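A quick write-up on the structure given underneath.
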Amino acid sequence: TTNNTTTNNTTTNNTTTTNNTLPSVETLKSRPTVHIIVGMAGSGKTTFLTALSRTLPDAYIVNLDPACMDPPYEPNLDVRDTIDYSTVMSEYGLGPNGAIVTSLNLYATRFDQVMSLLESKSSASHIIVDTPGQIEAFTWSSAGQIMTELLATSFPTHLTYVVDTVRCAGPSTFMSNMLYALSMSFRSRLPLQVVFNKCDLADAAFLKEWMSDYEAFSGALDSASDSYYDSLTRSLGMSLDQFYSSLEPVQVSAALGTGIEEYVGASARRREEYFEGYLQDVRARREEQKVKREVVARKAREDSMRRLEEDIEKGKGGGEKRKDQEATP
(Lines give C-alpha, C1' and ligand atoms only; values in the text may rest on other atoms or scores of the structure.)
Protein backbone atom coordinates (compact mmCIF):
# COMPACT_ATOMS: atom_id res chain seq x y z
CA THR A 1 0.00 0.00 0.00
CA THR A 2 1.19 3.50 -0.75
CA ASN A 3 0.97 4.74 2.81
CA ASN A 4 3.80 2.40 3.71
CA THR A 5 6.19 4.59 1.73
CA THR A 6 6.02 7.26 4.40
CA THR A 7 7.92 4.98 6.77
CA ASN A 8 11.26 6.40 7.90
CA ASN A 9 13.97 5.38 5.42
CA THR A 10 16.03 3.66 8.09
CA THR A 11 16.03 0.08 9.26
CA THR A 12 14.72 -0.68 12.70
CA ASN A 13 16.75 -2.36 15.42
CA ASN A 14 14.88 -5.64 15.16
CA THR A 15 15.99 -6.12 11.54
CA THR A 16 19.42 -4.57 11.40
CA THR A 17 20.98 -7.47 13.28
CA THR A 18 20.47 -11.17 13.04
CA ASN A 19 19.04 -13.21 15.87
CA ASN A 20 21.40 -13.68 18.80
CA THR A 21 20.74 -17.41 18.85
CA LEU A 22 21.16 -19.53 15.74
CA PRO A 23 18.74 -22.41 15.19
CA SER A 24 20.18 -25.83 15.94
CA VAL A 25 21.73 -27.84 13.12
CA GLU A 26 18.82 -30.30 13.34
CA THR A 27 16.31 -27.46 12.94
CA LEU A 28 18.19 -25.99 9.98
CA LYS A 29 18.40 -29.37 8.26
CA SER A 30 14.63 -29.68 8.49
CA ARG A 31 14.10 -26.33 6.76
CA PRO A 32 13.90 -25.60 3.01
CA THR A 33 16.85 -24.48 0.92
CA VAL A 34 16.87 -20.77 0.06
CA HIS A 35 18.04 -19.85 -3.43
CA ILE A 36 18.87 -16.12 -3.69
CA ILE A 37 18.86 -15.52 -7.44
CA VAL A 38 21.07 -12.64 -8.61
CA GLY A 39 22.29 -11.60 -12.02
CA MET A 40 23.05 -8.67 -14.28
CA ALA A 41 20.18 -7.00 -16.11
CA GLY A 42 19.36 -9.06 -19.20
CA SER A 43 21.07 -12.23 -17.97
CA GLY A 44 17.76 -14.13 -17.95
CA LYS A 45 17.57 -14.27 -14.16
CA THR A 46 13.78 -14.02 -13.95
CA THR A 47 13.31 -16.47 -16.82
CA PHE A 48 15.63 -18.89 -15.02
CA LEU A 49 13.60 -18.51 -11.82
CA THR A 50 10.41 -19.24 -13.76
CA ALA A 51 11.90 -22.42 -15.24
CA LEU A 52 13.15 -23.45 -11.80
CA SER A 53 9.73 -22.94 -10.24
CA ARG A 54 8.24 -25.32 -12.81
CA THR A 55 10.80 -27.98 -11.87
CA LEU A 56 10.17 -27.37 -8.15
CA PRO A 57 6.37 -26.97 -7.98
CA ASP A 58 6.31 -26.95 -4.17
CA ALA A 59 8.79 -24.05 -3.99
CA TYR A 60 7.79 -20.88 -2.15
CA ILE A 61 8.62 -17.88 -4.34
CA VAL A 62 9.56 -14.47 -2.94
CA ASN A 63 9.82 -11.43 -5.22
CA LEU A 64 12.16 -8.71 -3.93
CA ASP A 65 12.16 -6.68 -7.15
CA PRO A 66 9.84 -3.70 -6.51
CA ALA A 67 10.23 -2.41 -10.09
CA CYS A 68 9.23 -5.66 -11.83
CA MET A 69 5.98 -4.82 -13.60
CA ASP A 70 4.67 -8.22 -14.69
CA PRO A 71 6.80 -11.22 -13.66
CA PRO A 72 6.21 -14.44 -15.64
CA TYR A 73 5.79 -16.37 -12.39
CA GLU A 74 3.27 -16.14 -9.55
CA PRO A 75 5.06 -15.07 -6.36
CA ASN A 76 3.81 -16.32 -3.01
CA LEU A 77 5.24 -13.25 -1.32
CA ASP A 78 5.71 -9.99 -3.20
CA VAL A 79 7.46 -6.78 -2.12
CA ARG A 80 5.05 -4.91 -4.43
CA ASP A 81 2.13 -5.83 -2.17
CA THR A 82 3.73 -3.71 0.55
CA ILE A 83 5.80 -1.07 -1.25
CA ASP A 84 4.60 0.97 -4.23
CA TYR A 85 7.72 1.63 -6.30
CA SER A 86 6.19 4.46 -8.36
CA THR A 87 5.00 6.27 -5.25
CA VAL A 88 8.44 5.95 -3.65
CA MET A 89 9.98 7.47 -6.76
CA SER A 90 7.62 10.46 -6.81
CA GLU A 91 7.39 10.98 -3.05
CA TYR A 92 11.15 11.05 -2.47
CA GLY A 93 12.06 12.60 -5.83
CA LEU A 94 14.27 9.67 -6.81
CA GLY A 95 15.45 8.11 -10.03
CA PRO A 96 14.78 4.44 -10.91
CA ASN A 97 17.78 2.97 -9.07
CA GLY A 98 17.37 5.19 -6.02
CA ALA A 99 13.71 4.21 -5.80
CA ILE A 100 14.63 0.51 -5.87
CA VAL A 101 17.17 0.95 -3.04
CA THR A 102 14.71 3.01 -0.97
CA SER A 103 11.92 0.48 -1.56
CA LEU A 104 14.21 -2.30 -0.31
CA ASN A 105 15.17 -0.19 2.71
CA LEU A 106 11.50 0.29 3.57
CA TYR A 107 10.81 -3.42 3.11
CA ALA A 108 13.79 -4.35 5.29
CA THR A 109 12.13 -2.57 8.23
CA ARG A 110 9.43 -5.26 8.10
CA PHE A 111 11.55 -8.22 7.12
CA ASP A 112 11.16 -9.77 10.57
CA GLN A 113 7.52 -10.37 9.60
CA VAL A 114 8.65 -11.96 6.34
CA MET A 115 10.98 -14.26 8.28
CA SER A 116 8.18 -15.35 10.62
CA LEU A 117 6.04 -16.18 7.60
CA LEU A 118 8.80 -18.12 5.85
CA GLU A 119 9.61 -20.12 8.97
CA SER A 120 6.00 -21.28 9.06
CA LYS A 121 6.20 -22.76 5.54
CA SER A 122 7.27 -26.23 6.61
CA SER A 123 5.68 -27.85 3.55
CA ALA A 124 8.02 -26.11 1.09
CA SER A 125 11.30 -27.81 0.20
CA HIS A 126 12.73 -24.72 -1.50
CA ILE A 127 12.39 -20.96 -1.14
CA ILE A 128 13.33 -19.07 -4.30
CA VAL A 129 14.10 -15.36 -3.95
CA ASP A 130 14.07 -13.08 -6.98
CA THR A 131 16.11 -9.87 -6.71
CA PRO A 132 16.28 -6.65 -8.75
CA GLY A 133 17.89 -6.73 -12.18
CA GLN A 134 20.00 -3.77 -11.04
CA ILE A 135 22.20 -6.22 -9.17
CA GLU A 136 24.09 -3.66 -7.09
CA ALA A 137 20.81 -2.37 -5.64
CA PHE A 138 20.57 -5.65 -3.74
CA THR A 139 24.06 -7.07 -3.36
CA TRP A 140 25.72 -3.80 -2.28
CA SER A 141 22.92 -2.16 -0.30
CA SER A 142 22.50 -2.36 3.47
CA ALA A 143 18.94 -3.65 3.00
CA GLY A 144 20.13 -6.44 0.72
CA GLN A 145 22.82 -7.43 3.22
CA ILE A 146 20.33 -7.41 6.10
CA MET A 147 17.82 -9.59 4.25
CA THR A 148 20.54 -11.97 3.05
CA GLU A 149 21.96 -12.41 6.56
CA LEU A 150 18.53 -12.94 8.10
CA LEU A 151 17.73 -15.62 5.54
CA ALA A 152 21.17 -17.25 5.87
CA THR A 153 20.98 -17.51 9.67
CA SER A 154 17.53 -19.11 9.58
CA PHE A 155 17.69 -21.35 6.49
CA PRO A 156 20.33 -23.26 4.50
CA THR A 157 21.03 -20.58 1.91
CA HIS A 158 23.17 -20.09 -1.18
CA LEU A 159 23.58 -17.45 -3.86
CA THR A 160 22.81 -18.33 -7.46
CA TYR A 161 24.58 -16.04 -9.93
CA VAL A 162 23.06 -16.14 -13.41
CA VAL A 163 25.50 -15.23 -16.19
CA ASP A 164 24.66 -14.37 -19.81
CA THR A 165 26.79 -16.85 -21.78
CA VAL A 166 26.43 -14.97 -25.06
CA ARG A 167 27.77 -11.70 -23.63
CA CYS A 168 30.74 -13.52 -22.04
CA ALA A 169 32.23 -14.44 -25.41
CA GLY A 170 34.87 -11.77 -24.83
CA PRO A 171 37.49 -12.57 -22.14
CA SER A 172 37.17 -9.09 -20.58
CA THR A 173 33.40 -9.38 -20.15
CA PHE A 174 33.82 -12.87 -18.77
CA MET A 175 36.40 -11.60 -16.28
CA SER A 176 34.07 -8.78 -15.20
CA ASN A 177 31.38 -11.33 -14.40
CA MET A 178 33.78 -13.53 -12.47
CA LEU A 179 35.05 -10.59 -10.43
CA TYR A 180 31.48 -9.74 -9.53
CA ALA A 181 30.90 -13.36 -8.53
CA LEU A 182 34.02 -13.22 -6.37
CA SER A 183 32.93 -9.98 -4.70
CA MET A 184 29.52 -11.42 -3.82
CA SER A 185 31.06 -14.60 -2.47
CA PHE A 186 33.59 -12.62 -0.42
CA ARG A 187 30.99 -10.20 0.92
CA SER A 188 28.31 -12.73 1.89
CA ARG A 189 30.55 -15.78 2.58
CA LEU A 190 27.66 -17.91 1.34
CA PRO A 191 28.06 -20.87 -1.02
CA LEU A 192 27.90 -19.64 -4.61
CA GLN A 193 26.36 -21.43 -7.57
CA VAL A 194 27.29 -20.01 -10.99
CA VAL A 195 24.75 -20.62 -13.76
CA PHE A 196 25.71 -20.00 -17.39
CA ASN A 197 22.38 -19.18 -19.02
CA LYS A 198 21.22 -18.93 -22.67
CA CYS A 199 23.10 -22.06 -23.66
CA ASP A 200 20.59 -22.60 -26.45
CA LEU A 201 22.31 -19.64 -28.13
CA ALA A 202 25.92 -20.36 -27.14
CA ASP A 203 27.49 -23.42 -25.55
CA ALA A 204 29.22 -22.56 -22.26
CA ALA A 205 31.91 -25.21 -22.69
CA PHE A 206 34.48 -22.54 -23.60
CA LEU A 207 33.72 -20.64 -20.36
CA LYS A 208 34.22 -23.76 -18.27
CA GLU A 209 37.48 -24.36 -20.14
CA TRP A 210 38.66 -20.83 -19.36
CA MET A 211 37.97 -21.50 -15.68
CA SER A 212 39.83 -24.79 -15.58
CA ASP A 213 42.68 -24.05 -18.03
CA TYR A 214 44.52 -20.76 -17.72
CA GLU A 215 46.42 -21.36 -20.96
CA ALA A 216 43.12 -21.54 -22.85
CA PHE A 217 42.00 -18.25 -21.30
CA SER A 218 45.36 -16.64 -22.02
CA GLY A 219 45.17 -17.86 -25.61
CA ALA A 220 41.79 -16.17 -26.03
CA LEU A 221 43.47 -12.91 -25.04
CA ASP A 222 46.34 -13.30 -27.51
CA SER A 223 44.29 -11.97 -30.42
CA ALA A 224 43.49 -8.80 -28.48
CA SER A 225 45.68 -5.73 -28.49
CA ASP A 226 48.48 -5.60 -25.96
CA SER A 227 46.86 -2.98 -23.76
CA TYR A 228 46.93 -2.38 -20.03
CA TYR A 229 43.46 -3.90 -19.68
CA ASP A 230 44.45 -7.08 -21.48
CA SER A 231 47.50 -7.45 -19.25
CA LEU A 232 45.35 -6.85 -16.18
CA THR A 233 42.77 -9.40 -17.35
CA ARG A 234 45.54 -11.95 -17.89
CA SER A 235 46.91 -11.35 -14.38
CA LEU A 236 43.46 -11.59 -12.83
CA GLY A 237 42.81 -14.86 -14.64
CA MET A 238 45.92 -16.34 -13.03
CA SER A 239 44.94 -15.00 -9.60
CA LEU A 240 41.44 -16.48 -9.72
CA ASP A 241 42.53 -20.10 -10.19
CA GLN A 242 41.80 -20.98 -6.56
CA PHE A 243 38.41 -19.27 -6.69
CA TYR A 244 37.49 -21.15 -9.86
CA SER A 245 38.42 -24.46 -8.24
CA SER A 246 35.78 -23.87 -5.56
CA LEU A 247 33.01 -23.38 -8.14
CA GLU A 248 30.84 -25.92 -9.91
CA PRO A 249 29.27 -23.98 -12.80
CA VAL A 250 26.28 -25.43 -14.61
CA GLN A 251 24.91 -24.44 -17.99
CA VAL A 252 21.21 -24.03 -18.63
CA SER A 253 18.76 -22.65 -21.12
CA ALA A 254 16.08 -20.97 -19.07
CA ALA A 255 14.04 -20.36 -22.22
CA LEU A 256 13.96 -24.07 -23.11
CA GLY A 257 14.09 -25.38 -19.54
CA THR A 258 17.19 -27.51 -20.18
CA GLY A 259 19.87 -27.98 -17.52
CA ILE A 260 17.53 -27.14 -14.63
CA GLU A 261 17.77 -30.64 -13.16
CA GLU A 262 21.56 -30.35 -13.19
CA TYR A 263 21.22 -27.06 -11.30
CA VAL A 264 18.96 -28.65 -8.69
CA GLY A 265 21.60 -31.33 -8.09
CA ALA A 266 24.33 -28.68 -7.75
CA SER A 267 22.09 -26.72 -5.37
CA ALA A 268 21.88 -29.75 -3.08
CA ARG A 269 25.69 -29.74 -2.89
CA ARG A 270 25.69 -26.01 -2.10
CA ARG A 271 23.30 -26.84 0.75
CA GLU A 272 25.90 -29.23 2.16
CA GLU A 273 28.56 -26.54 1.80
CA TYR A 274 26.36 -24.26 3.88
CA PHE A 275 26.52 -26.66 6.83
CA GLU A 276 30.20 -27.51 6.34
CA GLY A 277 31.42 -23.97 5.75
CA TYR A 278 29.12 -21.00 6.25
CA LEU A 279 27.35 -22.21 9.39
CA GLN A 280 30.60 -23.10 11.14
CA ASP A 281 32.07 -19.76 10.11
CA VAL A 282 29.08 -17.87 11.54
CA ARG A 283 29.26 -19.78 14.82
CA ALA A 284 33.03 -19.12 15.07
CA ARG A 285 32.56 -15.40 14.37
CA ARG A 286 29.80 -15.12 16.94
CA GLU A 287 31.90 -16.92 19.53
CA GLU A 288 34.77 -14.55 18.76
CA GLN A 289 32.44 -11.55 19.15
CA LYS A 290 31.16 -12.98 22.43
CA VAL A 291 34.71 -13.30 23.78
CA LYS A 292 35.49 -9.72 22.71
CA ARG A 293 32.35 -8.44 24.43
CA GLU A 294 33.29 -10.31 27.60
CA VAL A 295 36.81 -8.83 27.51
CA VAL A 296 35.41 -5.31 27.04
CA ALA A 297 32.88 -5.83 29.86
CA ARG A 298 35.57 -7.21 32.19
CA LYS A 299 37.86 -4.27 31.44
CA ALA A 300 34.99 -1.85 32.09
CA ARG A 301 34.33 -3.51 35.48
CA GLU A 302 38.03 -3.38 36.36
CA ASP A 303 38.22 0.31 35.41
CA SER A 304 35.12 1.03 37.46
CA MET A 305 36.56 -0.75 40.51
CA ARG A 306 39.87 1.08 40.12
CA ARG A 307 38.12 4.44 40.01
CA LEU A 308 36.05 3.48 43.05
CA GLU A 309 39.16 2.52 45.03
CA GLU A 310 40.84 5.77 44.01
CA ASP A 311 37.80 7.74 45.19
CA ILE A 312 37.82 5.87 48.51
CA GLU A 313 41.51 6.60 49.02
CA LYS A 314 40.96 10.26 48.21
CA GLY A 315 38.08 10.32 50.70
CA LYS A 316 40.24 8.81 53.43
CA GLY A 317 43.01 11.31 52.76
CA GLY A 318 40.61 14.23 53.02
CA GLY A 319 39.16 12.94 56.31
CA GLU A 320 42.59 12.60 57.97
CA LYS A 321 43.52 16.14 56.86
CA ARG A 322 40.39 17.55 58.46
CA LYS A 323 41.13 15.71 61.72
CA ASP A 324 44.65 17.20 61.81
CA GLN A 325 43.25 20.68 61.27
CA GLU A 326 40.72 20.23 64.07
CA ALA A 327 43.46 19.00 66.48
CA THR A 328 45.67 22.03 65.79
CA PRO A 329 45.25 24.76 68.60
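The values are calculated or read from the model by the stated rules, or taken from the named source; none is laboratory data. Remember, it's a predicted structure, so these values are computed and weren't measured experimentally. With ideal geometry, Cβ positions are generated from the backbone for all residues, glycine too; neighbour counts draw on all protein chains shown. What goes into the accessible areas is simple: the full protein's heavy atoms, side chains included, and nothing from ligands, DNA or RNA. Shrake-Rupley method; radii C 1.70, N 1.55, O 1.52, S 1.80 Å.
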Roll a 1.4 Å probe over the protein chains and send me the accessible area per residue for the chain in Å².
51
In nm, to one decimal, how far is the Glu74 label point from the Gln280 one, both placed 7 Å along Cα→Cβ?
4.3
Whole-Hz Karplus couplings 3J(HN,Hα) for region 197-211, θ = phi - 60° and coefficients 6.51, -1.76, 1.60, Gly and Pro as x, run 9, 6, 6, 6, 9, 8, 5, 8, 4, 5, 6, 5, 5, 4, 6
Straight-line reach from Lys314: which aspartates and glutamates have a Cα under 20 Å away, not including same-chain ones fewer than 8 places off?
Glu302, Asp303, Asp324, Glu326
Cross-link reach from Lys29 to aspartates and glutamates, straight Cα distance under 15 Å and at least 8 residues apart if same chain, gives Glu119, Glu272, Glu273, Glu276
Amide H neighbours of Gln251 at under 5 Å, excluding residues fewer than 5 places away on the same chain, with H built from the backbone geometry, are Phe196
In region 155-207, carbon and sulfur make up what percent of the accessible area (probe 1.4 Å)?
59
Pairwise FRET efficiency - Glu91 versus Arg293, Cβ, R0 = 30 Å, nearest 0.05:
0.15
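Let's test the formula: R0 of 25 Å, r as the Cβ-Cβ distance of Asp81 and Phe186. What FRET efficiency results, to the nearest 0.05?
Numbers: r = 33 Å, r/R0 = 1.33.
Computed FRET efficiency for Asp81 and Phe186 comes out at 0.15.
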Counting Lys and Arg as +1 and Asp and Glu as -1, what is the net charge of the other residues whose Cβ lies under 15 Å from the Cβ of Ala216?
-4
Mind listing the long-range amide H neighbours of Gly39? Cut-off is under 5 Å, sequence gap 5 or more, other chains count too, H placed in the peptide plane at 1.01 Å from N.
Val162
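How much FRET efficiency would the formula 1/(1 + (r/R0)^6) give for Tyr229 and Phe206, where r is the Cβ-Cβ distance and R0 is 22 Å, rounded to 0.05?
Details: r = 20 Å, r/R0 = 0.92.
Rounded to the nearest 0.05, the efficiency is 0.60.
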Principal axis dimensions, largest first and in whole angstrom, of the chain by Cα:
109, 52, 47
